[in-house]
Amino acid sequence: MTSVWMGLRKLGLGRRRDWLVGGVLLTVVVGLVETTLGWSAVLEPWETLPPLVLIDAFLLTAASYLLRAVRVRVYFQTALSGRFPALLRLSVLHNTANNLLPMRAGELVFPWLMRRYFGHGFWAAGASLIWIRLLDLHFLGMIGVVVLWMRAPSPWWGVLVLGWLGVLPLFGRIGRLECKARDEGVGHGQRLRRLLAIVSAVAAAAPQEPTRVLWLYLWTALSWSLKFVGFALILGHFVPVALWQVVLGVMGAELSTVLPFHGIAGSGSFELAAVTAMVPLGVAPAEALAGAVNLHLFLLGTTLVLGATALLIPVRRQHG
């Protein structure tokens, strides 16, 4: 555990500005809930939550973390073969850091652990993470289309789904930009060459084989679907509205974990995103806030349990 935190400090994850902003957001959320709703009233519905629902939601979330590890294995193919326990530890710790650290600082844990556990290049792993996040955003967009279809069924939503899926083959073609960007940089100024070198590196990390893109998207869809179902079980208990409204609330909350603005443990940004998604669709602001806070508490509890469990997985380090 000590080595993990020492590594995080080396990555510069202790920037005072980020922690200050995150601390302010956390204080504002705690104070806002107390003054508007009261913490006792917000937490009271936990007493009526069926234990089986809580267990199911936890297991679904844990399974989604497992599938994320499978996705990383597919992404890097034979480079990570035979070391799935280490990969699972990496995936869970990466998600734990993402959920707890402010301003997306947790994303740096992925390339750091890839280098530490597997000897993979730090910047190459970071470039690969960009494509993994693009797959996440693409599927979240797909869920958004499904929610709109649930609200107002129409055959046109099916056409939009097909068009949205039509974007995926572009992933396999992006890699061609690598050579082009490298060639374009010849003979230009240092700043332009540096920019084109970055574009080339990111393009080189893109999954190029159509079958690999398909499998990556399949694991992305399965992992997010399990997580959405688990979160919808929890949020639906605290916000008894239509299923499509619950799903949209979950999507809003999850978008806050992908986008750059992120408080300590997601405080503030998580609640704001969930409330912003639900209130315009007819959910009462107080009800939406209470539901968002309780969903966030479930996420944090699950994160801490799974993160602590991941630290128990033995791993052979290649680099410190």
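Derivation of every value follows stated rules applied to the coordinates shown; laboratory data play no part. These numbers come from a predicted model, not from an experiment. Note that each Cβ is placed from the backbone with ideal geometry, even for glycine, and that neighbours are counted across all protein chains shown.
To the nearest 20 debye, what is the magnitude of the charge dipole of the stretch 23-172 about its Cα centre, counting +1 on the Cβ of each Lys and Arg and -1 on the Cβ of each Asp and Glu?
In debye, rounded to 20, the stretch 23-172 gives about 780.
With a ≥ b ≥ c taken as the square roots of the eigenvalues of the C-alpha gyration tensor of the stretch 208-270, please select rounded if a/c is under 1.5 and otherwise prolate if a/b is larger than b/c or oblate if it is not?
Because a/c hits 1.5 or more and a/b fails to exceed b/c, the stretch 208-270 counts as oblate.
Work from the charge dipole of the stretch 33-87 (Cβ charges, +1 for Lys and Arg, -1 for Asp and Glu, about the Cα centre) and give the residue of W46, L59, V72 farthest towards its positive end.
V72
Of W224, W156, how do they rank once you tally other Cβ atoms within 10 Å and put the fewest first?
Sorted ascending by nearby Cβ count, the order is W156, W224.
Per residue of the stretch 145-155, what does 6.51 cos²θ - 1.76 cosθ + 1.60 with θ = phi - 60° give for ³J(HN,Hα)? Whole Hz please, x for Gly and Pro, Karplus curve as stated.
Computed from phi, the couplings for the stretch 145-155 are 5, 5, 4, 5, 5, 4, 6, 9, x, 6, x Hz.
Have a look at A201, V246, L235 and report the one farthest towards the positive end of the charge dipole of the stretch 198-320, computed about the Cα centre with Cβ charges (Lys/Arg +1, Asp/Glu -1).
Among A201, V246, L235, the one farthest towards the positive end of the dipole of the stretch 198-320 is A201.
Near the amide H of G263, under 5 Å away, which other amide H atoms are found, from residues 5 or more places off or on another chain, if H is placed in the peptide plane?
Those qualifying (amide H under 5 Å, at least 5 residues apart or on another chain) are M103, S269, F270.
Near the amide H of A284, under 5 Å away, which other amide H atoms are found, from residues 5 or more places off or on another chain, if H is placed in the peptide plane?
Hits under the 5 Å cutoff: none.
Which of I313, I234, I143, I55 comes first, and how do the rest follow, when ranked by fewest Cβ neighbours within 10 Å?
I55, I313, I143, I234
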